[in-house]
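Enquirer: Next up is a structure, given as C-alpha coordinates.
The values are calculated or read from the model by the stated rules, or taken from the named source; none is laboratory data. Since we're looking at a predicted model, the values are computed, not measured. Here the Cβ positions follow ideal geometry from the backbone for every residue, glycine too, while neighbour counts run over all protein chains shown. These accessible areas exclude ligands, DNA and RNA; they are computed on the full protein's heavy atoms, side chains included. Shrake-Rupley method; radii C 1.70, N 1.55, O 1.52, S 1.80 Å.
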Amino acid sequence: SVDGYAARADAVRSTLAELATLEAGGLTAEPDRRAAAYLRERLEAQAAWYELDEPLRDLRALFGTMHGVHDSAALLPRGDDDRWRNVAARLAAVPRMLAGWQETLDAGLARGLAAARRQAVEGAVQADSYIGSHDELVRSYLDALVAADLARAARAADDGYAKLARYLRE
(Lines give C-alpha, C1' and ligand atoms only; values in the text may rest on other atoms or scores of the structure.)
Protein backbone atom coordinates (compact mmCIF):
# COMPACT_ATOMS: atom_id res chain seq x y z
CA SER A 1 0.00 0.00 0.00
CA VAL A 2 0.98 3.64 -0.17
CA ASP A 3 1.49 3.62 3.60
CA GLY A 4 3.64 0.50 3.33
CA TYR A 5 5.91 2.15 0.77
CA ALA A 6 6.11 5.27 2.94
CA ALA A 7 7.15 3.12 5.91
CA ARG A 8 9.82 1.43 3.82
CA ALA A 9 11.12 4.81 2.65
CA ASP A 10 11.31 5.94 6.29
CA ALA A 11 13.23 2.77 7.16
CA VAL A 12 15.72 3.46 4.36
CA ARG A 13 16.24 7.04 5.55
CA SER A 14 16.66 6.03 9.18
CA THR A 15 19.09 3.26 8.24
CA LEU A 16 21.13 5.75 6.23
CA ALA A 17 21.21 8.08 9.25
CA GLU A 18 22.35 5.24 11.52
CA LEU A 19 24.99 4.24 8.99
CA ALA A 20 26.30 7.81 8.90
CA THR A 21 26.66 7.67 12.70
CA LEU A 22 28.62 4.44 12.44
CA GLU A 23 30.85 5.83 9.71
CA ALA A 24 31.47 9.04 11.67
CA GLY A 25 32.53 6.92 14.64
CA GLY A 26 35.27 5.52 12.47
CA LEU A 27 34.94 2.03 11.11
CA THR A 28 38.45 0.67 11.47
CA ALA A 29 38.29 -2.76 9.90
CA GLU A 30 38.47 -2.89 6.09
CA PRO A 31 35.58 -5.39 5.80
CA ASP A 32 33.39 -3.03 7.86
CA ARG A 33 34.27 -0.05 5.66
CA ARG A 34 33.54 -2.04 2.51
CA ALA A 35 30.24 -3.31 3.88
CA ALA A 36 29.25 0.22 4.91
CA ALA A 37 30.10 1.59 1.46
CA TYR A 38 28.08 -1.12 -0.24
CA LEU A 39 25.13 -0.63 2.10
CA ARG A 40 25.24 3.15 1.61
CA GLU A 41 25.21 2.79 -2.18
CA ARG A 42 22.23 0.40 -2.12
CA LEU A 43 20.28 2.51 0.38
CA GLU A 44 20.94 5.75 -1.50
CA ALA A 45 19.65 4.10 -4.69
CA GLN A 46 16.53 2.93 -2.86
CA ALA A 47 16.04 6.38 -1.30
CA ALA A 48 16.19 7.96 -4.77
CA TRP A 49 13.66 5.41 -6.04
CA TYR A 50 11.25 6.37 -3.27
CA GLU A 51 11.96 10.08 -3.74
CA LEU A 52 10.92 9.80 -7.40
CA ASP A 53 7.65 8.09 -6.34
CA GLU A 54 8.56 5.03 -8.40
CA PRO A 55 6.63 2.69 -6.08
CA LEU A 56 3.47 4.40 -7.35
CA ARG A 57 4.03 2.86 -10.78
CA ASP A 58 6.00 -0.22 -9.86
CA LEU A 59 4.45 -2.75 -12.20
CA ARG A 60 7.15 -5.24 -13.05
CA ALA A 61 5.98 -8.52 -14.47
CA LEU A 62 7.68 -11.78 -13.59
CA PHE A 63 9.71 -10.77 -10.52
CA GLY A 64 7.82 -7.77 -9.18
CA THR A 65 5.30 -7.19 -6.44
CA MET A 66 2.81 -9.78 -7.67
CA HIS A 67 5.47 -12.47 -7.76
CA GLY A 68 6.50 -11.55 -4.22
CA VAL A 69 2.90 -11.78 -3.03
CA HIS A 70 2.50 -15.17 -4.69
CA ASP A 71 5.72 -16.53 -3.25
CA SER A 72 4.98 -15.13 0.21
CA ALA A 73 2.48 -17.98 0.52
CA ALA A 74 3.99 -20.60 -1.76
CA LEU A 75 7.39 -20.60 -0.06
CA LEU A 76 6.28 -20.67 3.56
CA PRO A 77 7.48 -23.61 5.62
CA ARG A 78 5.03 -26.47 6.05
CA GLY A 79 5.07 -29.61 8.11
CA ASP A 80 2.77 -29.28 11.08
CA ASP A 81 -0.74 -27.87 11.47
CA ASP A 82 0.48 -24.54 12.87
CA ARG A 83 2.66 -23.98 9.83
CA TRP A 84 -0.18 -24.96 7.52
CA ARG A 85 -2.40 -22.45 9.34
CA ASN A 86 0.23 -19.82 8.54
CA VAL A 87 0.05 -20.83 4.87
CA ALA A 88 -3.75 -20.54 4.95
CA ALA A 89 -3.55 -17.13 6.65
CA ARG A 90 -1.08 -15.86 4.06
CA LEU A 91 -3.22 -17.17 1.18
CA ALA A 92 -6.28 -15.52 2.71
CA ALA A 93 -4.33 -12.22 2.88
CA VAL A 94 -3.44 -12.26 -0.84
CA PRO A 95 -6.54 -10.28 -1.89
CA ARG A 96 -5.74 -7.56 0.69
CA MET A 97 -2.11 -7.41 -0.40
CA LEU A 98 -3.09 -7.11 -4.06
CA ALA A 99 -5.77 -4.52 -3.24
CA GLY A 100 -3.19 -2.45 -1.34
CA TRP A 101 -0.88 -2.61 -4.33
CA GLN A 102 -3.74 -1.60 -6.62
CA GLU A 103 -4.40 1.42 -4.36
CA THR A 104 -0.74 2.34 -4.74
CA LEU A 105 -0.96 2.10 -8.53
CA ASP A 106 -4.16 4.20 -8.41
CA ALA A 107 -2.32 6.85 -6.39
CA GLY A 108 0.35 6.89 -9.07
CA LEU A 109 -2.23 7.27 -11.82
CA ALA A 110 -3.79 10.16 -9.91
CA ARG A 111 -0.36 11.86 -9.94
CA GLY A 112 0.23 11.11 -13.60
CA LEU A 113 2.71 8.31 -12.86
CA ALA A 114 1.67 5.35 -14.96
CA ALA A 115 3.56 2.21 -15.83
CA ALA A 116 3.86 1.33 -19.50
CA ARG A 117 0.73 -0.27 -20.97
CA ARG A 118 2.71 -3.38 -21.97
CA GLN A 119 3.64 -3.86 -18.33
CA ALA A 120 -0.01 -3.74 -17.32
CA VAL A 121 -0.94 -6.23 -20.03
CA GLU A 122 1.86 -8.58 -19.04
CA GLY A 123 0.91 -8.15 -15.37
CA ALA A 124 -2.66 -9.19 -16.21
CA VAL A 125 -1.33 -12.29 -17.97
CA GLN A 126 0.79 -13.09 -14.92
CA ALA A 127 -2.17 -12.57 -12.56
CA ASP A 128 -4.25 -14.93 -14.69
CA SER A 129 -1.46 -17.52 -14.58
CA TYR A 130 -1.52 -17.45 -10.77
CA ILE A 131 -5.19 -18.41 -10.63
CA GLY A 132 -5.18 -22.01 -9.46
CA SER A 133 -1.44 -21.95 -8.83
CA HIS A 134 -1.90 -22.77 -5.16
CA ASP A 135 -4.08 -25.81 -5.81
CA GLU A 136 -1.14 -28.22 -5.69
CA LEU A 137 -0.06 -26.66 -2.40
CA VAL A 138 -3.54 -27.27 -0.99
CA ARG A 139 -3.56 -30.86 -2.27
CA SER A 140 -0.17 -31.51 -0.67
CA TYR A 141 -1.69 -31.04 2.80
CA LEU A 142 -2.57 -34.59 3.82
CA ASP A 143 -4.63 -34.02 6.94
CA ALA A 144 -8.22 -32.86 7.36
CA LEU A 145 -7.71 -30.35 10.18
CA VAL A 146 -6.68 -27.32 8.10
CA ALA A 147 -7.79 -28.54 4.66
CA ALA A 148 -11.02 -26.51 4.50
CA ASP A 149 -9.20 -23.34 5.58
CA LEU A 150 -6.51 -23.92 2.96
CA ALA A 151 -9.03 -24.52 0.19
CA ARG A 152 -11.05 -21.44 1.16
CA ALA A 153 -7.89 -19.31 1.35
CA ALA A 154 -6.67 -20.55 -2.05
CA ARG A 155 -10.03 -19.62 -3.58
CA ALA A 156 -9.74 -16.16 -2.00
CA ALA A 157 -6.23 -15.79 -3.45
CA ASP A 158 -7.54 -16.85 -6.88
CA ASP A 159 -10.26 -14.22 -6.61
CA GLY A 160 -7.65 -11.60 -5.74
CA TYR A 161 -5.55 -12.51 -8.78
CA ALA A 162 -8.62 -12.41 -11.03
CA LYS A 163 -9.60 -8.96 -9.75
CA LEU A 164 -6.08 -7.68 -10.26
CA ALA A 165 -5.95 -9.08 -13.81
CA ARG A 166 -9.23 -7.33 -14.61
CA TYR A 167 -7.94 -4.07 -13.08
CA LEU A 168 -4.70 -4.22 -15.08
CA ARG A 169 -6.55 -4.88 -18.33
CA GLU A 170 -8.99 -2.04 -17.74
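Enquirer: Using amide H atoms built in the peptide plane, which far-off residues or other-chain residues are under 5 Å from ARG60 H to H?
Expert: Long-range HN contacts for ARG60: THR65.
Enquirer: Hey, got the dipole for the range 1-116? About the Cα centre, +1 on K and R Cβ, -1 on D and E Cβ, debye to the nearest 20? Don't jump to the answer; show the numbers that get you there.
Expert: On the way: 14 positive and 18 negative charges, 56 e Å.
The calculated dipole for the range 1-116 is roughly 280 debye.
Enquirer: In the range 19-73, what chymotrypsin sites (Phe, Trp or Tyr not before Pro) fall in a loop by DSSP, with at most 14 other Cβ atoms inside 10 Å? Intermediate results must be reported in sequence, preceding the final value.
Expert: Numbers: sites: TYR38, TRP49, TYR50, PHE63; in loops: PHE63.
Counting only loop positions with at most 14 other Cβ atoms within 10 Å, the chymotrypsin sites (Phe, Trp or Tyr not before Pro) in the range 19-73 are PHE63.
Enquirer: Further question on the same structure: Kyte-Doolittle mean at least -1.0 and Cα extent at least 27 Å along the axis: which DSSP H helices of the chain qualify? The partial results should precede the final answer.
Expert: Values: long enough: 2-24 (33 Å, 0.24); 30-51 (31 Å, -1.17); 81-110 (44 Å, -0.19); 147-169 (33 Å, -0.34).
Sorted by number, the helices that extend far enough and score high enough are 2-24, 81-110, 147-169.
Enquirer: Follow-up question, since we're still on this one. Working with all protein chains in place, sort LEU145, LEU16, LEU91 by solvent-accessible area computed with a 1.4 Å probe, largest first. Working shown, then result.
Expert: Details: LEU145 105, LEU16 30, LEU91 0 Å².
Correct descending sequence by accessible area is LEU145, LEU16, LEU91.
Enquirer: The list [x] 11, 43, 36, 10, 1; [y] 10, 30, 25, 21, 12, 2; [z] 9, 30, 24, 14, 11, 7, 3, 0 gives values of P(r) over Cα pairs in 10 Å bins from 0, in percent, and only one came from this structure; which label was calculated from it?
Expert: Of the labelled values, this structure produces [y].
Enquirer: Please give the per residue accessible area of the chain, computed with a probe of 1.4 Å over protein heavy atoms only, in Å². Walk me through the intermediate numbers first.
Expert: Details: 9900 Å² over 170 residues.
Value for the chain: 58 Å² per residue.
Enquirer: Can you tell which of ASP128, ASP82, ASP53 shows the greatest fluctuation in a Gaussian network model of the chain with Cα springs below 10 Å?
Expert: Of ASP128, ASP82, ASP53, the Gaussian network model singles out ASP82 as fluctuating most.
Enquirer: Rounded, prolate or oblate: pick one for the range 88-156, where a ≥ b ≥ c are the square roots of the eigenvalues of its C-alpha gyration tensor, a/c under 1.5 means rounded, and failing that, prolate if a/b is larger than b/c, else oblate. Walk me through the numbers on the way to the answer.
Expert: Values: a/c = 5.76, a/b = 2.27, b/c = 2.54.
Since a/c reaches 1.5 but b/c is at least a/b, the shape of the range 88-156 is classed as oblate.
Enquirer: Determine, for each peptide in 19-32, 97-110, the mean count of other beta carbons within 10 angstrom over its residues, then list the peptides with the highest first. If you can, show how the numbers build up before the last one.
Expert: On the way: 19-32: 10.6, 97-110: 17.9.
Order by mean packing, descending: 97-110, 19-32.
Enquirer: On to the next question. Trypsin sites (Lys or Arg not before Pro) within the range 106-145: which are DSSP loop residues with at most 14 other Cβ atoms inside 10 Å? Provide the component values of the computation, followed by the final result.
Expert: Numbers: sites: ARG111, ARG117, ARG118, ARG139; in loops: ARG111.
Of the trypsin sites (Lys or Arg not before Pro), the ones in loops of the range 106-145 whose Cβ has at most 14 other Cβ atoms within 10 Å are ARG111.
Enquirer: Percent of accessible area on the range 1-148 owned by carbon and sulfur, 1.4 Å probe?
Expert: Numbers: 4900 of 8790 Å².
Here carbon and sulfur together make up 56 percent of the probe-accessible area.
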